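**Student:** Encoded as structure tokens, here's the structure I'll be asking about.
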Amino acid sequence: MTIVDVNKLSIEFKVDGQWLPAVNNISFDVKKGEIVALVGESGCGKSVTCMALARLLPEPPARYASGEIMLHGKSVLTLKNRELRDIRRHHIGYIFQEPSVSLNPVFRVGDQIAEAVLLRKDASSSDVKNEVIELLDQVGISDPEKRIKSYPHQLSGGMQQRIMIAMALAGKPDILVADEPTTALDVTIQAQILDLLCEIREKRDMSIILVTHNLGIVADMADRVVVMYAGHTVESANTDELMKNPKHPYTQALLSAVPKLGHSDEKLTTIPGTVPSPANYPDGCRFFGRCALAEKMIKSESELLCEKSVPDWREIKKGHFCRCHYSQ
Amino acid sequence: MPLLTVENLKTWYPMKKEWFKPQEFLKAVDGVSFTLDKAETVGLVGESGCGKSTLGRTLVRLENPVAGDVTINGEDIAKLKGNALRKARGEFQIIFQDPYGSLNPRMSVLRTLDEVLALHTNLDKQGRYMRMLELIVMVGLKEEHLHRYPHQFSGGQRQRIGIARALAVEPEFIVADEPVSALDVSVQAQIINLLIDIQEKTGISFLFIAHDLAVVEHISHRILVMYLGRIVESGSSSAVCKNAKHPYTQALLSAVPTLDPETRKKRIVLPGDVPSPLNPPSGCPFHPRCHQAMEKCKTEVPALKSVKGSPDHQTACFLE
């Protein structure tokens, strides 16, 4: 069953009176119980895509230029405010990168979770406390009766992230969007949080959209991967397939730029240049100019193709999509 | 003879003193010893709050140690003061983690670099400009970049400016405090390669602080693993990464997410957080989180000892 279906979505932002594209024509879907990872460098549009799923982007400056988002069979972009609130309450949960910023510093964590529980329609106010304690227990916080009285600053980063997860689970969502959930945490704590997310997925048969720039985490957790570059989706496939058999030159470069344990003698490959800014995205393939494959195909004809026209999003193998003129 | 020798270094911060109670200290670095050779990179890993940044900052005298010696080329810099310290700063420099926070937004790159050169060298204006050109090219930027301000650069470029600033005075060694943690993978690879190139060209030594073991293994000749202010394991990077002896190092290694789906191993997930250094556990500081802890670990502190058969590889654990 498909929980989220994003179809040819484009989002633009108004900057200094000019509409700049943040994401362009992206499509992906998430099935029930599946973990889908969105990977890419900063500024490639992964967070914008996530916020768009529950229409959390402020409009203006944002604008949904074209395409549609289907969440739970409803088209999110055409919903009225009341229906949107319903979606946000019951169907989708968010965890953000910096837990210390996402929590309100002046309220006890128990009260903050209780607020999220009470928003749910079927919640009864009498046993909110028990439900909060149960949620904390599920996210692996020891001594939850005591912890509900703590303020966020009294907890460590890992604990704060667990509180965020408890809040996201309070509405019993079908899909959890985790936007760089472990970037601010140590590797050992990161391992704890990733384990917890896997466990929750298994117990509740929930779907997770995992946004990250760490390809190691992707290989570890995700069932499917969508690679983004400069507002475009450039490749998507099953994790195993993508790791073994990357097709797009950007994915290939990204994979070889990651330092791997036990291979310290090899020199790291780098991608020359920097990501273009939305104000001057090239007309053709957005990766043109940094692409090793285009360089190889230097014959005048092919170069023009990369420079002038955006490659189609085509299926090169069953379930393996790629946006490149030349990879096969 | 090693370039840098650190002997039993302690950096303690005094806590607020209460009446009729003895003064308490937060022991951020508590008895650390190691050496660093010329043209060598030593990696320093550990979780946040283990004291690795404090150690790095103490080595360049941004923090003052309460005890211990730091010797560079036979000169003890741990007790230098005033003018003598300012002169000695030409030998050691630091690159900071946050390329956004460590450059003055009101100063162009030219002024940032010129300030360092004017302070530490006897070059005239023309000479300083030539030196700046040399530096900016060395870190992979162009002359036109000299006249720009920090906000006009990307994160990776800013980190390059931070590196140029550290290199300006031709130091003997540089402390690189998490220089790549704030960067994307592709940029991270560029900066790591840049540091390796600079070392090959100039024979500079690095203390490379990071929390990502894969990055550290890639750049370092030797690795130190730190936990709660002490070194728990040290050795060549291949010995530490392939044949880790301390349970903490093993857990750190297994927590690094790997790319290859087939070698995904069962992670050793450490329970809990790093204990507060204000109130460290008795005995081995790691015992409450260690899955192999014994009775003995709760009372006695294991000393850093060589592993049988390889004198360079040391670990502070009773199991060995």
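The values are calculated or read from the model by the stated rules, or taken from the named source; none is laboratory data. Nothing here was measured: the structure is a model prediction, and the numbers come from that model. Cβ atoms come from the backbone with ideal geometry, glycine included; neighbour counts cover every protein chain shown. Accessible surface areas use protein heavy atoms only, side chains included; no ligands, DNA or RNA. Shrake-Rupley method; radii C 1.70, N 1.55, O 1.52, S 1.80 Å.
**Student:** Evaluate the following for A:R55: is it surrounded by fewer than 15 Cβ atoms within 10 Å (Cβ to Cβ), out of contact with any Ser or Thr (no Cβ under 8 Å at 6 or more places or on another chain) and more than 19 Å from A:M206 (Cβ to Cβ)?
**Tutor:** In short, no.
**Student:** Could you say which residue among A:R108, A:R120 is in contact with a Phe, Trp or Tyr (Cβ under 7 Å, 6 or more places away or on another chain) and charged (D, E, K, R)? Explain how you work it out, then say what you get.
**Tutor:** Details: A:R120 fails: in contact with a Phe, Trp or Tyr (Cβ under 7 Å, 6 or more places away or on another chain).
Of A:R108, A:R120, the one residue that is in contact with a Phe, Trp or Tyr (Cβ under 7 Å, 6 or more places away or on another chain) and charged (D, E, K, R) is A:R108.
**Student:** Taking strands (runs of 3 or more DSSP E) that do not extend beyond region B:1-95, which have at least 3 residues that are open to solvent by 30 Å² or more (accessible area, probe 1.4 Å) and more than 30 Å from A:G158 (Cα to Cα)?
**Tutor:** Working: elements: B:4-14, B:25-36, B:41-45, B:67-72, B:92-95.
Output list reads B:4-14, B:67-72.
**Student:** On to the next question. In region B:263-271, is there at least one residue being touching a Lys or Arg at 6+ places or on another chain (Cβ under 9 Å) and more than 10 Å from chain A (Cβ to nearest Cβ)?
**Tutor:** Just the residues of region B:263-271 that are touching a Lys or Arg at 6+ places or on another chain (Cβ under 9 Å), to begin with: B:270-271.
In the following step, the residues that additionally are more than 10 Å from chain A (Cβ to nearest Cβ) were identified as none.
No, every residue in region B:263-271 fails to be touching a Lys or Arg at 6+ places or on another chain (Cβ under 9 Å) and more than 10 Å from chain A (Cβ to nearest Cβ).
**Student:** So which residues in region B:186-204 are closer than 11 Å to A:A257 by Cβ and either at the interface with chain A (Cβ under 7 Å from one of its Cβ atoms) or not in a helix (DSSP H, G or I) (or both)?
**Tutor:** Residues satisfying the conditions are B:S186, B:A189, B:Q190, B:I192, B:N193.
**Student:** Then there's this: Considering region B:281-320 alone, what residues qualify as being touching a strand residue (DSSP E or B) at 6+ places or on another chain (Cβ under 8 Å) and open to solvent by less than 70 Å² (accessible area, probe 1.4 Å)?
**Tutor:** Listed by number, the residues that qualify are B:P285, B:F286, B:L304, B:S306, B:V307, B:S310, B:H313, B:Q314, B:T315, B:A316, B:C317.
**Student:** Still on this model: Give all pairs with beta carbons closer than 7 Å in which a residue from region A:125-145 that is open to solvent by 10 Å² or more (accessible area, probe 1.4 Å) meets a residue that is not in a helix (DSSP H, G or I); count only pairs at least 6 apart in sequence or on separate chains.
**Tutor:** Filtered contacts from region A:125-145: A:I133/A:I148.
Per-residue answers, yes or no, for (1) of a type in the set (V, I, T); (2) open to solvent by 80 Å² or more (accessible area, probe 1.4 Å); (3) modelled with pLDDT under 75:
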| site | (1), (2), (3) |
| --- | --- |
| A:L261 | no, no, no |
| A:I271 | yes, no, no |
| A:V275 | yes, no, no |
| A:P278 | no, no, no |
| A:Y281 | no, no, no |
| A:G284 | no, no, no |
| A:C291 | no, no, no |
| A:E295 | no, yes, yes |
| A:S309 | no, no, no |
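**Student:** Let me ask something else about it. Among the numbered criteria (1) touching a Lys or Arg at 6+ places or on another chain (Cβ under 9 Å); (2) on the phi < 0 side of the Ramachandran plot, which single criterion is violated by B:G203?
**Tutor:** (2)
So that you can scan it fast, the table gives a plain yes or no per residue for (1) facing chain A (nearest Cβ under 10 Å); (2) not hydroxyl-bearing (S, T, Y):
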{"site": "B:F206", "(1), (2)": "no, yes"}
{"site": "B:H218", "(1), (2)": "yes, yes"}
{"site": "B:L224", "(1), (2)": "no, yes"}
{"site": "B:S234", "(1), (2)": "no, no"}
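Here's the yes/no breakdown for (1) outside any helix (DSSP H, G or I); (2) in contact (Cβ under 8 Å) with a residue 60 or more places away in the chain; (3) open to solvent by 30 Å² or more (accessible area, probe 1.4 Å):
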| position | (1), (2), (3) |
| --- | --- |
| B:M107 | yes, no, no |
| B:A118 | no, no, yes |
| B:L123 | yes, no, yes |
| B:Y129 | no, no, yes |
| B:G140 | yes, no, yes |
| B:Q159 | no, yes, no |
| B:G162 | no, yes, no |
| B:A166 | no, yes, no |
| B:I174 | yes, yes, no |
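**Student:** Counting only residues that are out of contact with any helix residue (DSSP H, G or I) (no Cβ under 7 Å at 6 or more places or on another chain) and without any contact (Cβ under 8 Å) to a residue 24 or more places away in the chain, which one in region B:143-152 is surrounded by the fewest Cβ atoms within 10 Å (Cβ to Cβ)?
**Tutor:** The extreme case among them is B:E144.
**Student:** Can you say whether B:A182 is open to solvent by 10 Å² or more (accessible area, probe 1.4 Å) and within 20 Å of the chain's Cα centre (by Cα), as far as the supplied structure shows?
**Tutor:** yes
**Student:** I'm checking my understanding of the structure. Among residues of region B:242-253 that are touching a Ser or Thr at 6+ places or on another chain (Cβ under 8 Å) and within 11 Å of chain A (Cβ to nearest Cβ), which one is farthest from B:D212 (Cα to Cα)?
**Tutor:** Filtering first and then ranking leaves B:A251.
**Student:** Within region A:249-258, is even one residue at pLDDT below 80 and hydroxyl-bearing (S, T, Y)?
**Tutor:** no
**Student:** Can I ask one more? I'm checking my understanding of the structure. Among residues of region B:263-280 that are without any contact (Cβ under 8 Å) to a residue 24 or more places away in the chain and surrounded by 13 or more Cβ atoms within 10 Å (Cβ to Cβ), which one is farthest from B:E47 (Cα to Cα)?
**Tutor:** Checking each candidate, the answer is B:R264.
**Student:** Quick test for you: out of A:P152, A:P99, A:P181, pick the one residue that is over 24 Å from the mean Cα position of the chain (by Cα) and not aliphatic (A, V, I, L, M).
**Tutor:** The match here is A:P152.
**Student:** Sticking with this structure for a sec: Filter region A:123-174 down to residues that are outside any helix (DSSP H, G or I) and among the basic types (K, R) and give me whichever is farthest from A:S207 (Cα to Cα).
**Tutor:** Checked region A:123-174; the qualifying residue farthest from A:S207 (Cα to Cα) is A:K149.
Let's see how each residue does on (1) more than 30 Å from A:T188 (Cα to Cα); (2) of a type outside the set (K, R); (3) touching a Pro at 6+ places or on another chain (Cβ under 7 Å):
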site	(1), (2), (3)
B:T11	no, yes, yes
B:K16	yes, no, no
B:D30	no, yes, no
B:D37	yes, yes, yes
B:L44	no, yes, no
B:G56	no, yes, no
B:L59	no, yes, no
B:P65	no, yes, no
B:N73	yes, yes, no
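**Student:** Now, a different point. Restricting to region B:159-185, and then to whatever is touching a Ser or Thr at 6+ places or on another chain (Cβ under 8 Å) and within 14 Å of chain A (Cβ to nearest Cβ), can you tell me which residue is nearest to B:T202 (Cα to Cα)?
**Tutor:** Of everything passing the filter in region B:159-185, B:E178 is nearest to B:T202 (Cα to Cα).
**Student:** Then there is this: Among the numbered criteria (1) modelled with pLDDT under 90; (2) within 26 Å of B:A28 (Cβ to Cβ); (3) more than 7 Å from every other protein chain (Cβ to nearest Cβ), which one does B:V256 miss?
**Tutor:** The failed condition is (3).
**Student:** Right, another one. From A:G40, A:G67, which residue is open to solvent by less than 10 Å² (accessible area, probe 1.4 Å) and under 26 Å from A:V227 (Cα atoms)?
**Tutor:** A:G40
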